[in-house]
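Structure, as structure tokens:
The values are calculated or read from the model by the stated rules, or taken from the named source; none is laboratory data. What you see is a predicted model, and the numbers here were worked out from it, not measured in a lab. Ideal geometry is used to build each Cβ from the backbone, glycine not excepted, and the neighbour counts take in all protein chains shown.
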Amino acid sequence: MYGPDEFSRDISVSRETLAQLKEFVHLLLHWQKTLNLIGSTTVVDIWRRHILDSAQIFRFLNPPGCLVDLGSGAGFPGIVLAIMGYPAVKLIESNGKKCAFLRNASHSLEINVEVIQCRIEDYQPTKRAAYITSRALASLEKLLIYSGPLISRQGKCLFLKGANVIPELTKAKKNWNMNVQKHISMSNPRGIVLEIAELTSIDEIHKSN
């Protein structure tokens, strides 16, 4: 069984951070009894399927700069990254009950996150993000449509994707220019962490020419 000991072997964190992650798992499982935050079949493997899966993104972050987590749901990866020390995390979630959980967790854990209840397409930031993250939310094409208006020129998108990432990339490249790096997931050898920089829609390029 993959648990906190195995996690701390794979990801180097302080004792305090590991204790906070344990408390987050405790809170999530408590809320899971009345609110379907994660898939019921993944509960027994929560440390690998959710905590490790989210935490692996931290190595690609180089703060400072705002991180916007799209469709945060149960707080993956946004809450985990905040617990690990990323200083400016905004969680975008449209579901009111999930927002209540996210606010409760951030208050209980005393971490610096901002929970924003709205549809992603309605979110209008005052400043563009240095990083945009998302996990199990939508197709890559849809994620890029969401991200285009939100990401800074030097910003990066970090998306956790599954085995179907190649056809999604092929389709997305018809409408977007981007610098893509694919990293094998630490939590699932069939999964990929997509690191996307220099995102520009082809329509924008045509307009500028």
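Looking at (1) hydrophobic (A, V, I, L, M, F, W, C); (2) surrounded by 14 or more Cβ atoms within 10 Å (Cβ to Cβ); (3) more than 22 Å from residue 87 (Cβ to Cβ), which one does residue 111 not meet, given that it meets all the others?
(3)
Restricting attention to segment 32-42, does a residue exist that is in contact (Cβ under 8 Å) with a residue 60 or more places away in the chain and not in a strand (DSSP E or B)? Don't jump to the end; show me each part of the working.
Looking only at segment 32-42, we keep the residues that are in contact (Cβ under 8 Å) with a residue 60 or more places away in the chain, and these are 35, 37.
With the extra rule that they be not in a strand (DSSP E or B), the set shrinks to 35, 37.
Yes: segment 32-42 contains one or more residues that are in contact (Cβ under 8 Å) with a residue 60 or more places away in the chain and not in a strand (DSSP E or B).
Please determine, by comparing only the residues of segment 90-111 that are touching an Asp or Glu at 6+ places or on another chain (Cβ under 8 Å) and without any contact (Cβ under 8 Å) to a residue 40 or more places away in the chain, which one is nearest to residue 130 (Cα to Cα).
As a first pass, look at segment 90-111 and keep what is touching an Asp or Glu at 6+ places or on another chain (Cβ under 8 Å): 90-92, 99, 102, 108-109.
From the residues that got through so far, the ones that are without any contact (Cβ under 8 Å) to a residue 40 or more places away in the chain too are 90-92, 99, 102.
Working: 90: 11, 91: 14, 92: 15, 99: 23, 102: 22 Å.
It comes out as 90.
One line per residue, one yes/no per condition, for (1) touching a strand residue (DSSP E or B) at 6+ places or on another chain (Cβ under 8 Å); (2) at pLDDT 95 or above; (3) crowded, with 24+ Cβ neighbours inside 10 Å; (4) of a type outside the set (Gly, Ala, Ser):
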site: 19; (1), (2), (3), (4): no, yes, no, no
site: 29; (1), (2), (3), (4): no, yes, no, yes
site: 60; (1), (2), (3), (4): yes, yes, no, yes
site: 92; (1), (2), (3), (4): yes, yes, yes, yes
site: 96; (1), (2), (3), (4): yes, yes, no, no
site: 102; (1), (2), (3), (4): yes, yes, yes, yes
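Kindly provide the set of residues from segment 62-87 that are hydroxyl-bearing (Ser, Thr, Tyr) and either in contact with a Cys (Cβ under 9 Å, 6 or more places away or on another chain) or modelled with pLDDT under 95 (or both), ordered by number. Outline the logic, then answer.
Kept after step one, since they are hydroxyl-bearing (Ser, Thr, Tyr), are these residues of segment 62-87: 72, 86.
Once the filter is applied, which keeps residues that are hydroxyl-bearing (Ser, Thr, Tyr) and either in contact with a Cys (Cβ under 9 Å, 6 or more places away or on another chain) or modelled with pLDDT under 95 (or both), segment 62-87 yields only 72.
Quick check, is residue 56 farther than 25 Å from residue 182 by Cα and either under 12 Å from the mean Cα position of the chain (by Cα) or without any contact (Cβ under 8 Å) to a residue 24 or more places away in the chain (or both)?
Values: farther than 25 Å from residue 182 by Cα: no; either under 12 Å from the mean Cα position of the chain (by Cα) or without any contact (Cβ under 8 Å) to a residue 24 or more places away in the chain (or both): yes.
No, not satisfied.
Let me spell it out: the conditions are (1) within 15 Å of residue 76 (Cα to Cα); (2) part of a helix (DSSP H, G or I), and residue 166 meets all of them except one. Which number is the exception?
Looking at each condition in turn, residue 166 falls short on (1).
Somewhere in segment 93-105, is a residue under 14 Å from the mean Cα position of the chain (by Cα), outside any helix (DSSP H, G or I) and under 26 Å from residue 32 (Cβ atoms)?
Looking for residues that are under 14 Å from the mean Cα position of the chain (by Cα), outside any helix (DSSP H, G or I) and under 26 Å from residue 32 (Cβ atoms), one finds at least one in segment 93-105, hence yes.
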